[in-house]
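Values quoted throughout were computed directly from the atomic coordinates according to the rules given, and no laboratory measurement underlies them. Here the structure is a predicted model, which means the values were calculated and not measured. Don't worry about glycine lacking a Cβ; one is built from the backbone with ideal geometry, like all the others, and counts go over all protein chains shown.
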């Protein structure tokens with residue numbers, strides 16, 4: 001897991017390469033903070049707010065077992 005913070009904003013972006021890292025990241029975000037998932041193909045799912053929404057996004061992008069890393073942003 002690696003963090004990529006920009007100095008111009010307070011957005012946090014973490015690249016997750018394993019499901020454990022992915023769920024740890026989703027669970028550790030600030031309470032009720034919506035998040036986005038950025039995929040390798042450049043697509044982004046915005047406004048996610050739960051683990052269930054994150055799982056559905058992974059399934060929609062044909063990446064349910066995190067074969068390709070994703071970036072979690074909030």
Open item on the list: Can you give me the distance in nm between label points at residue 61 and residue 41, each placed 7 Å from the Cα along the Cα-to-Cβ direction?
Closed with: 1.0
Open item on the list: Helix-only estimate, please: 222 nm mean residue ellipticity of the chain, summing -39500 (n - 2.57) across DSSP H runs of length 4 or more and dividing by its residues, to the nearest 500.
Closed with: -8000 deg cm²/dmol
Task: Crossing angle, helix 51-60 versus the chain [Cα axis fit, 0-90 degrees, rounded to tens] - done: 50
TODO: Can you tell me the 0 to 90 degree angle between the C-alpha axis of helix 19-28 and the longest principal axis of the chain, rounded to 10?
DONE: 40
Task: Net length gained if the chain between residue 23 and residue 74 were fully extended (0.36 nm per residue, minus Cα distance) - done: 16.9 nm
